[in-house]
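Report on the structure given below.
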Amino acid sequence: MPDQARDHFVADFARRSGALPGSGTPWVERMRRLALEQFAATGFPSAREEDWKYTNVEPIARHRFDAPTRPATAITPGQVAALAFGENTSEHLLVFVDGFFVSSLSRTGTLPRGAVVASLAQMLAREPQRVEPFLADSAAATPFAALNTAFAAEGAFIHVPRGVAIDAPIHLLYLSTSANAVIQPRTIIVAEQDTTATVLEQHSGPDGTTYFTNAVTQVVLGANASLEHYKLQQEGDAAFHVAAIQVRQQRDSRYTSHSLALGGLLARADIGVRLDDTGCECILNGLYVAGGSQLLDHHTRIEHAHPRGTSRQYYRGILDGRSRGVFAGRVVVHKGAQKTDAHLANHNLLLAREAEVDAKPQLEIYADDVKCGHGTTVGQLDDNMVFYLRSRGIPADLARALLTYAFAHDVIGRIRLAPLRARMEDILIARLPEGKLIRENA
């Protein structure tokens, strides 16, 4: 069955590649062809591979997914406003429906001179030379990333020129509405030297509809650049979501990631960051909340390639029902990367007997003057804490809900975007018993 899925995508490429945006541009065609060859050589990963042994992607390979020819459902401005935290919250908003940029639902406020916030398809058609240094050089770290590169055509292109600060957040809203559809968005974020920006990447779709989002995000940070990157995954309960985030940092740059995984029947995120010069700082915050039969998987890899780099990873998972969580976090300190300061922490809370999590923190250190540590915990609510709250007159259900809320708020409290922080608090409270009482007592 995986071979049939691979053959289906190879045949689809032969049919559609000539009509994709950017076809006819030699470097685009070469990039796509090489990526397809890489995917065709490997096919979908199997559970026999170390990086995929906890996440069986055969349900994706079994299903036949096709790229939509147009959006299946007309999305209204009101629906967009509800997802985008209100009518006027996002000054810079790009909306994509079923893999197509919808200009009538999007808006771009006043940008500093030279800054670009645009559809990738438009850039490939009008200014492919501006995209080439980043898209043509993209590394396909997984078969899914190779598949995305083969069909790379639409998504967002953000370019912040040297010395520019974009104060208002840039909101990228990827919506799926088509049953049995595969959507493969490509997001490219380039922040040159001495720049500041905030990007919110949001993926959403309806419950009860089976579709597949295969997303890749590339981030390139110049010297002393600062990027706050939020990813909110709210796919429908029957959807599949596989994503890769690839980051390269130059001297003294700062990258902060907030990965918030809530939806999808099966969802995985691979986050790879390379600190490619001295003095870089990287912070990865993450929260995954699963219930029912969901599987939510995070794989992270931070590479310290040069001295005096700092990295922090703070991931928390809440699992209920028969859900499964996976967290595999790796820190690699290369030879010569002295004075590295790296810390990784993953904590998981199981709310039901059948919920489970596989946690695998790893350190690979090839330098001798470093400060590195990691830790992980998996457990249930502390009975002593529940007893303490009950002794203060708080009912048992409310006591457990308050403790769960406090556990998640360690990550939610790090979110600097107030509308997103409020949305996450509302979502979490809605999922917990005694939610209304939590709001009154929080």
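No value in this document is a laboratory result; all are computed from the given coordinates. Keep in mind that this is a model prediction, so the values were computed, not measured. For neighbour counting, all protein chains shown are included, and Cβ atoms are generated from backbone atoms with ideal geometry for every residue, glycine included.
Of note:
- Derived scalar couplings ³J(HN,Hα) [the range 299-315; Karplus, 6.51 cos²θ - 1.76 cosθ + 1.60; whole Hz; x for Gly, Pro]: 10, 10, 8, 10, 10, 8, 9, 9, x, 6, x, 10, 9, 9, 10, 10, 10
- If R0 is taken as 22 Å, the Cβ-Cβ distance between Arg62 and Gln380 corresponds to a FRET efficiency of 0.05.
- Using just its DSSP H runs of length 4 or more, each adding -39500 (n - 2.57), the chain gives a mean residue ellipticity at 222 nm of -7500 deg cm²/dmol after division by all residues.
- The relative contact order of the chain, computed from alpha carbon pairs under 8 Å that lie at least 6 residues apart in sequence, is 9 percent.
- For Arg439, net neighbour charge (Lys/Arg +1, Asp/Glu -1) across residues whose Cβ lies under 11 Å away: -3
- Near Leu94, once Lys and Arg are set to +1 and Asp and Glu to -1 for all other residues with Cβ below 14 Å from its Cβ, the sum equals -1.
- Derived scalar couplings ³J(HN,Hα) [the range 8-16; Karplus, 6.51 cos²θ - 1.76 cosθ + 1.60; whole Hz; x for Gly, Pro]: 5, 5, 5, 5, 5, 4, 4, 6, 9
- Cβ-based net charge around Tyr314, under 11 Å, with every Lys or Arg adding one and every Asp or Glu removing one: +2
- Selection of chymotrypsin sites (Phe, Trp or Tyr not before Pro), the range 14-112, meeting DSSP coil and at most 12 other Cβ within 10 Å: none
- For the chain, the dipole from Cβ point charges (+1 on Lys and Arg, -1 on Asp and Glu) about the Cα centre works out to 220 debye, to the nearest 20.
- Ordering of 206-213, 11-18 by packing is 206-213, 11-18, highest average first (other Cβ atoms within 10 Å, averaged per residue).
- Values (i) 24.3, 79; (ii) 21.5, 72; (iii) 33.5, 123 are given for comparison; Rg and Dmax of the Cα atoms in Å, derived from the coordinates here, is the one labelled (ii).
- Within the listed set His298, His203, His347, the residue fluctuating most in the Gaussian network model of the chain (springs between alpha-carbon atoms under 10 angstrom) is His347.
- Among beta bridges that DSSP assigns inside the range 219-308, antiparallel share in %, nearest 5: 0 percent
- Cross-link partners for Lys360 among the lysines, with Cα-Cα distance under 18 Å and sequence neighbours closer than 8 places in the same chain left out: Lys53.
- Taking the range 1-117 and dividing mean pair separation by its residue count, relative contact order in percent (alpha carbons under 8 Å, at least six apart): 20 percent
- Cut-off 11 Å (backbone N to label point 7 Å along Cα→Cβ of Gln4), residues of the range 36-63: 62-63
- Across the range 138-212, Cα pairs under 8 Å and at least six residues apart give a relative contact order of 39 percent.
- Whole-Å distance, taken between Cα centres, linking the range 118-180 and the range 247-297: 18 Å
- Taking the range 144-178 and a reference point 7 angstrom along Cα→Cβ of Ala125, the backbone N atoms nearer than 17 Å belong to 152-157.
- Percent of alpha-carbon pairs separated by more than 22 Å within the range 221-371: 41 percent
- Eligible lysines near Lys371 by straight Cα distance, threshold 17 Å, same-chain separation 8 or greater: Lys335, Lys339
- Each residue of the range 414-429 was assigned a 3J(HN,Hα) from its phi angle through the Karplus curve 6.51 cos²θ - 1.76 cosθ + 1.60 (θ = phi - 60°); the sequence is 7, 6, 8, 6, 4, x, 5, 4, 5, 4, 5, 4, 5, 4, 5, 5 Hz, with glycine and proline shown as x.
- Beta-bridge orientation, the chain: approximately 5 percent antiparallel, per DSSP, counting only bridges with both partners inside.
- Ranked by the mean number of other Cβ atoms within 10 Å of their residues, highest first, the peptides 57-63, 142-148, 254-260 come out as 142-148, 254-260, 57-63.
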